[in-house]
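Encoded as structure tokens, the structure appears first; notes follow it.
The values are calculated or read from the model by the stated rules, or taken from the named source; none is laboratory data. No experiment lies behind these values; they were computed from the predicted model shown. Neighbour counts are summed over all protein chains in view; Cβ atoms, including those assigned to glycine, are modelled from backbone coordinates with ideal geometry.
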Number of protein chains: 2
Amino acid sequence: MNEHPVTRLDPRRARTRAALISAAQTFLAEDRTAVPILEITEKAGVGLGSFYNHFDSKEALFEAAVEEIIENHGDLMDRVTEGIEDPAEVFARAFRLTGRLHRELAGASQILLRRGSEMILSDRGLGPRALRDIKAAQVAGRFTITDPELALVAAGGAILALGALLHREPNRDAASAADALTTDLLCMFGMDVVEAQEICSRPLPALDELLA
Amino acid sequence: MNEHPVTRLDPRRARTRAALISAAQTFLAEDRTAVPILEITEKAGVGLGSFYNHFDSKEALFEAAVEEIIENHGDLMDRVTEGIEDPAEVFARAFRLTGRLHRELAGASQILLRRGSEMILSDRGLGPRALRDIKAAQVAGRFTITDPELALVAAGGAILALGALLHREPNRDAASAADALTTDLLCMFGMDVVEAQEICSRPLPALDELLA
């Protein structure tokens, strides 16, 4: 354990930790991990001494900052797919929204892109959820794939790389790109193109309300 | 320009540069970019002073080391697809071999995985070649895609992420995984599954000879 546990009863302590993580995310988004700890604490508006009450090292802080983004994304995916019974639609909705989030949460997206495709195989975030949905869709006969891990890698790699394209092309419409890519992935998993298009044109929950 | 031009007439100078780049690739594969320059020159078997005859900074060396891997991969893809007329087969062969290279050149693969999906949109390596083939296959009616950049992102993200899976699962057969993934990508691009499987079961040039 490099990270000190959060004492839930102390809101000021929790605020300091949150400020440090938020500052770390800003530097991560700018790819400035060589920044001195003093600059991080100044950005967070906390004293240098308080850093070590929360983290043993800069690396531990950056790790926690990335983990928080992955966890938040996983939680969001659970919320937006709650109650949907068709695993193919759960998969599709999560990917359609994740594609949009590259634009809506560009800083967080950049951080995850730097983390790279290894993240797809992490036990947190979208990866394990997508694998669960792919397997369930396979069992239900919705996807005709033979190797769920390979399907996950294809889908996860594609949705990550979509972020690189969206950051490269600021005028590209993220929603239509995400829906087109998800449609293609459903087809790759053996779904009929007409049904895939229909699933990927269903209404989505409003992102701005979800992120508020 | 952070990098000094190579003087082609001086073989000793070229050897020193090659040794530095090779040492840098070793540290990159171990994700040890914080290593002191002295340790890099020791590993390369060259004097510390000679470092600055070739590179202005450690970052410039690491950049050149990554670029060399990307360039070599692009050159290899040109060689192995020379003379193939069907752009769909050119695409398929490059992806089938790239999947295998994650295993055969594991160190180089790890380095590129750390570089992340932004590399897919680079103007060197597999990315621009795959985009060229995707567009040609679209024009020839071999692929029924509508957005070549989106197709590139899906394919490039998937083949990168395959590397993460292969490194995670050392016993997974890289050849069959690469062929299965490439078959899926051809299907995603609108090709009939029987034809996609046939294209992805054609004989390939021997990798060990190509890499010798």
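Regarding B:A175, is this residue within 10 Å of another protein chain (Cβ to nearest Cβ) and either buried (at least 18 other Cβ atoms within 10 Å of the Cβ) or not hydroxyl-bearing (S, T, Y) (or both)? No; evaluated as a whole, the condition is false for this residue.
If you check B:T41, B:T98 for being surrounded by 19 or more Cβ atoms within 10 Å (Cβ to Cβ), assigned to a helix (DSSP H, G or I), polar (S, T, N, Q) and in contact with a Phe, Trp or Tyr (Cβ under 8 Å, 6 or more places away or on another chain), only one passes: B:T41.
Out of A:A161, A:A180, I need the residue that is facing chain B (nearest Cβ under 7 Å), surrounded by 24 or more Cβ atoms within 10 Å (Cβ to Cβ) and out of contact with any Phe, Trp or Tyr (no Cβ under 8 Å at 6 or more places or on another chain). Which one?
Criteria check complete, one pass: A:A161.
Scanning region B:145-152 turns up no residue that is part of a helix (DSSP H, G or I) and touching a His at 6+ places or on another chain (Cβ under 8 Å).
Summed over region B:23-38, the residues that are assigned to a helix (DSSP H, G or I) and among the polar types (S, T, N, Q) give a count of 2.
Given the structure, is A:S50 assigned to a helix (DSSP H, G or I), surrounded by 13 or more Cβ atoms within 10 Å (Cβ to Cβ), under 18 Å from the mean Cα position of the chain (by Cα) and hydroxyl-bearing (S, T, Y)? Against the criterion (assigned to a helix (DSSP H, G or I), surrounded by 13 or more Cβ atoms within 10 Å (Cβ to Cβ), under 18 Å from the mean Cα position of the chain (by Cα) and hydroxyl-bearing (S, T, Y)), A:S50 does not qualify. Residues in region B:131-158 that are within 7 Å of another protein chain (Cβ to nearest Cβ) and within 19 Å of the chain's Cα centre (by Cα): 6 in all. Only one entry in A:V66, A:V90 is touching a helix residue (DSSP H, G or I) at 6+ places or on another chain (Cβ under 9 Å), closer than 30 Å to A:D133 by Cα and modelled with pLDDT of 95 or more, namely A:V90. A:S176 passes every criterion in (1) hydroxyl-bearing (S, T, Y); (2) within 17 Å of B:A151 (Cβ to Cβ); (3) touching a residue at least 12 places away in the same chain (Cβ under 8 Å) apart from (3). Among the criteria (1) more than 8 Å from chain B (Cβ to nearest Cβ); (2) surrounded by fewer than 22 Cβ atoms within 10 Å (Cβ to Cβ), the one A:L186 does not fulfil is (2).
You will find that of A:R103, A:R172, A:R114, the residue that is charged (D, E, K, R), within 20 Å of B:V153 (Cβ to Cβ) and part of a loop (DSSP other than H, G, I, E, B) is A:R172 and no other. The selection criterion, being modelled with pLDDT of 90 or more and either under 22 Å from A:L211 (Cβ atoms) or under 12 Å from the mean Cα position of the chain (by Cα) (or both), holds for A:L101. The set of residues in region B:53-95 being among the small types (G, A, S), in a helix (DSSP H, G or I) and closer than 26 Å to B:L152 by Cα consists of B:A64, B:A65, B:G74, B:A88, B:A92, B:A94. Residues in region B:77-119 that are more than 20 Å from B:A180 (Cβ to Cβ) and within 13 Å of another protein chain (Cβ to nearest Cβ): B:Q110, B:I111, B:L112, B:R114, B:R115, B:G116, B:S117, B:E118, B:M119.
Here is a check on your reading of the model: is A:D75 out of contact with any Pro (no Cβ under 8 Å at 6 or more places or on another chain), within 21 Å of A:R129 (Cα to Cα) and of a type outside the set (F, W, Y)? Here the answer is yes, as A:D75 does meet what is asked. One residue alone among B:A18, B:A34, B:A29 is under 30 Å from B:L131 (Cα atoms), out of contact with any Ser or Thr (no Cβ under 6 Å at 6 or more places or on another chain), among the aliphatic types (A, V, I, L, M) and not assigned by TED's automatic domain parsing to the domain that holds B:A108, and that residue is B:A29.
Residues are listed down the side, and each one gets a yes or a no for (1) within 21 Å of B:A161 (Cα to Cα); (2) in contact with a strand residue (DSSP E or B) (Cβ under 6 Å, 6 or more places away or on another chain); (3) in contact (Cβ under 8 Å) with a residue 24 or more places away in the chain; (4) not assigned by TED's automatic domain parsing to the domain that holds A:P148:
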| site | (1), (2), (3), (4) |
| --- | --- |
| A:V80 | no, no, yes, no |
| A:E85 | no, no, no, no |
| A:T98 | yes, no, yes, no |
| A:R124 | yes, no, yes, no |
